[in-house]
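Here is the structure we will look at, set down as structure tokens.
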Amino acid sequence: MSIQETVSYRPIVGIIADRKTDYGHQAHQVLHGYVKALYEVSGVQPVILPASIDHLNLTTLAATLDGIVLTGSPSNIEASRYGSEPLPEDSMTDTNRDEAVLSLLPALLSARVPLLGICRGLQELNVLQGGSLTHAIQQQPGYFDHRLGDMTRPIDQWYLDKHSISIEPGGWLAEICSEQSVQVNTLHEQGIARLGEGLRIEAVAPDGLIEAISLRDASQFTLTVQWHPETRVSDSDIAHNIFCRFGQACAEHSAQRHAG
């Protein structure tokens, strides 16, 4: 790393962590793919935010962060958060992350902090806005199987494109991508059932499942997607461009914050 790289300022972007138990200890975890894509493609300085509302100062973060990333996760949002039947007993949940995100996000959005949400992150924004989720999409009439599939494959094959999406005009994705239809990967079994208030549909899958949303009236970048662009920034134009555009939004917010 050069001296110039060491001293150059980068926008500060928070990545919400998952809460885990590691050898009996509580831990906060973020997969390296998000860190790598944000630093190398978005050009920002990622920092990990603990999934613990008792250890997040909302005022400090709203005044400090230039962006927020809600990552994908093996865990599902607790069904009581959107008034649904309890999830199956074998479902993985992360109530600490639920509480942290749904408490933190309104303060950051009010401060016009740019948002990038991926997979669970899309679902979190939808629930925040009063929307609901469908569990086990593959069991619902008319929907195909959006799950990961064969986990015995090499990891780099988990994230290959699986289906197309149709991009709606007038949104962030339409600005980022000149094509109306592109291929994306898919690794989830939950999805949007009822769209939350004030949300704009950015893209849909061929089976009608909503694949991307944003806040309709927000002045800042607020794109959330159901697929995993962080795994494909080196070989997918739309994945690369999502992280580039998010980085630009964070740089703009940083400049305004320092000027103010």
- Message: Need pairs with beta-carbon distance below 9 Å; first residue hydroxyl-bearing (S, T, Y) and within the stretch 225-253, second assigned to a helix (DSSP H, G or I) and open to solvent by less than 10 Å² (accessible area, probe 1.4 Å); sequence gap 6+ or separate chains.
- Response: T231/A37; T231/A239; S236/P229
- Answer residue from the stretch 108-131, given it is part of a helix (DSSP H, G or I) and among the aliphatic types (A, V, I, L, M) and is farthest from V225 (Cα to Cα) among those: L108
- Restricting attention to the stretch 36-43, does a residue exist that is open to solvent by less than 10 Å² (accessible area, probe 1.4 Å), under 30 Å from A259 (Cβ atoms) and not aliphatic (A, V, I, L, M)? no
- Query: Does any residue in the stretch 188-208 that is among the charged types (D, E, K, R) and open to solvent by less than 10 Å² (accessible area, probe 1.4 Å) come within less than 6 Å, Cβ to Cβ, of a residue that is part of a loop (DSSP other than H, G, I, E, B) and at pLDDT 95 or above six or more places away or on a different chain, and which pairs are these?
  - Reply: E202/E168; E202/G171
- Only one of these conditions is not met by D90: (1) farther than 26 Å from G247 by Cα; (2) touching a strand residue (DSSP E or B) at 6+ places or on another chain (Cβ under 9 Å). Which number is it? (2)
- Of the residues G83, G142, G117, which is buried (at least 18 other Cβ atoms within 10 Å of the Cβ) and either of a type outside the set (F, W, Y) or at pLDDT below 95 (or both)? G117
- Scan the stretch 49-63 for residues that are open to solvent by less than 50 Å² (accessible area, probe 1.4 Å) and β-branched (V, I, T) and jot them down. I53
- Considering the stretch 105-114, residues that are touching a Leu at 6+ places or on another chain (Cβ under 9 Å) and more than 12 Å from S214 (Cα to Cα), and then whichever is surrounded by the most Cβ atoms within 10 Å (Cβ to Cβ), we arrive at V113
- Scope the stretch 120-139; condition open to solvent by less than 10 Å² (accessible area, probe 1.4 Å), of a type in the set (A, V, I, L, M, F, W, C) and over 13 Å from the mean Cα position of the chain (by Cα); matching residues: A136, I137
- Message: Looking only at residues that are among the small types (G, A, S) and closer than 19 Å to H55 by Cα in the stretch 17-34, which one is least open to solvent (accessible area, probe 1.4 Å)?
- Response: A17
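The values are calculated or read from the model by the stated rules, or taken from the named source; none is laboratory data. Quick caveat: nothing in here was measured; it's all calculated off a predicted structure. Glycine also receives a Cβ, built like all others from the backbone with ideal geometry; neighbour counts cover every protein chain displayed. Areas reflect the complete protein model, heavy atoms only, side chains present, ligands, DNA and RNA absent. Shrake-Rupley method; radii C 1.70, N 1.55, O 1.52, S 1.80 Å.
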